[in-house]
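K.L.:
Input: one structure, supplied below.
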Amino acid sequence: MTRVHLHPGGRLDLATGALAPRLLSRSRGGARVALVGARALLLAGDDVTLDVVVGVGCALELVEVAGTVAFDQRGGPAASWCVRVRLGEGARLTWHGEPFVVADGATAERRTDVDLARGAVALLRETLVLGRTGERGGALLARTRAHLDGRPLLVEDLDLRDAALRASPAVLGTARCLDTVTLLGARPAGEEPDALHLQGPGALARSLTADAHASGLGTTWRGWLAQLAPGRGGDEDRHPDRAGSATRPG
């Protein structure tokens, strides 16, 4: 299991599993951490778990240095990718994920659980891609669960295991890329006509495209990110630490 725990006072607890966390920079009450693949991912039967904890009043920015590919696993068990996030009171997490690609013949399950305490905010970007260039893609089941102060905020399942179903106009249609920016614990300021506002404090913005680079959600990401400034993880008084440390469809 990969572990990234940021505690009050700036103490970091990092542990390498399938992903290796690397401290990029640190600021007062915040940190910027890169997630680097420690081995080839994702292969048949892989069980990747990432445990993220951001302590009271702390700010963490997670950075992925490359996308992830679930490779052809025909004849093998499904691969699993599970993220567990816990944010303390007033904590903040920003995570701009790189594309998660499900190649032909792959079977992948992806789950994201976010537990926010009062006053905590998370901003996440997730890009799901069915197939590499020239492929139609494998089977994917993606689940998202978010709770705020112990109460459900977002519960969503996206089942793309059936090729005929995901080609339905009610799911992906002709698109093979689903890009999502999710804000949890706060509402976007101003008008965002394409955003889906949650019943509680939070919102989703989505783009369905044939190619990941065609998504127009970069502007949404930057706008919502600006709402979390100043003081997002690693932005103020950033300096290198050389010593290291201890969706609408579906």
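K.L.:
Among the candidates 86, 74, 118, single out the residue that is open to solvent by 20 Å² or more (accessible area, probe 1.4 Å), more than 25 Å from residue 219 (Cα to Cα) and assigned to a strand (DSSP E or B).
P.N.:
Selected residue: 86, the only one of 86, 74, 118 that is open to solvent by 20 Å² or more (accessible area, probe 1.4 Å), more than 25 Å from residue 219 (Cα to Cα) and assigned to a strand (DSSP E or B).
K.L.:
List pairs: first residue in segment 99-124 and within 18 Å of residue 163 (Cβ to Cβ) and polar (S, T, N, Q), second residue assigned to a loop (DSSP other than H, G, I, E, B) and open to solvent by less than 30 Å² (accessible area, probe 1.4 Å) anywhere in the structure, Cβ distance under 8 angstrom, at least six positions apart or on different chains.
P.N.:
Qualifying pairs under 8 Å: 107/73; 107/138.
K.L.:
Could you tell me which numbered condition residue 141 fails, if it satisfies all but one of (1) part of a strand (DSSP E or B); (2) open to solvent by 20 Å² or more (accessible area, probe 1.4 Å)?
P.N.:
Failing condition for residue 141: (2).
K.L.:
If you check 138, 190, which single one turns out to be modelled with pLDDT under 95 and more than 30 Å from residue 118 (Cβ to Cβ)?
P.N.:
Answer to the selection: 138.
K.L.:
Now for a different question. Consider segment 215-250. How many of its residues are modelled with pLDDT under 75 and either among the aromatic types (Phe, Trp, Tyr) or in a strand (DSSP E or B) (or both)?
P.N.:
1
K.L.:
Give the residues of segment 50-62 that are in a strand (DSSP E or B) and buried (at least 21 other Cβ atoms within 10 Å of the Cβ), sorted by residue number.
P.N.:
Correct list: 52, 54, 59, 60, 61, 62.
K.L.:
Please state which one of 98, 126 is open to solvent by 50 Å² or more (accessible area, probe 1.4 Å), under 10 Å from the mean Cα position of the chain (by Cα) and closer than 21 Å to residue 158 by Cβ.
P.N.:
Only one candidate passes the filter, namely 98.
K.L.:
Restricting the search to segment 164-214, which residues are open to solvent by less than 50 Å² (accessible area, probe 1.4 Å), assigned to a loop (DSSP other than H, G, I, E, B), within 30 Å of residue 86 (Cα to Cα) and in contact with a Lys or Arg (Cβ under 9 Å, 6 or more places away or on another chain)?
P.N.:
185, 198, 200, 201
K.L.:
Write out, first by first residue and then by second, each pair whose Cβ atoms fall under 7 Å of each other, whose residues are 6+ apart or on separate chains, and whose first residue, in segment 24-49, is under 17 Å from residue 228 (Cβ atoms) and in a loop (DSSP other than H, G, I, E, B) while the second is modelled with pLDDT of 90 or more and open to solvent by 50 Å² or more (accessible area, probe 1.4 Å).
P.N.:
Listed by first residue and then by second, the contacts come to 29/57.
K.L.:
Still on this structure, I have one more. Would it be correct to say that residue 65 is among the β-branched types (Val, Ile, Thr) and surrounded by 21 or more Cβ atoms within 10 Å (Cβ to Cβ)?
P.N.:
When the stated conditions are applied, residue 65 does not pass them.
K.L.:
Could you count how many residues in segment 16-43 are open to solvent by 20 Å² or more (accessible area, probe 1.4 Å) and under 21 Å from residue 98 (Cα atoms)?
P.N.:
13
K.L.:
Here is a list of conditions, (1) closer than 23 Å to residue 20 by Cβ; (2) outside any strand (DSSP E or B), and residue 113 meets all of them except one; can you say which number that is?
P.N.:
For residue 113, the failing item is (2).
The values are calculated or read from the model by the stated rules, or taken from the named source; none is laboratory data. In this text, all values refer to a predicted model and were calculated from it rather than measured experimentally. Virtual Cβ from ideal backbone geometry, glycine too; neighbours counted across all protein chains shown. Just the protein is used for accessible areas: all its heavy atoms, side chains included, with ligands, DNA and RNA removed. Shrake-Rupley method; radii C 1.70, N 1.55, O 1.52, S 1.80 Å.
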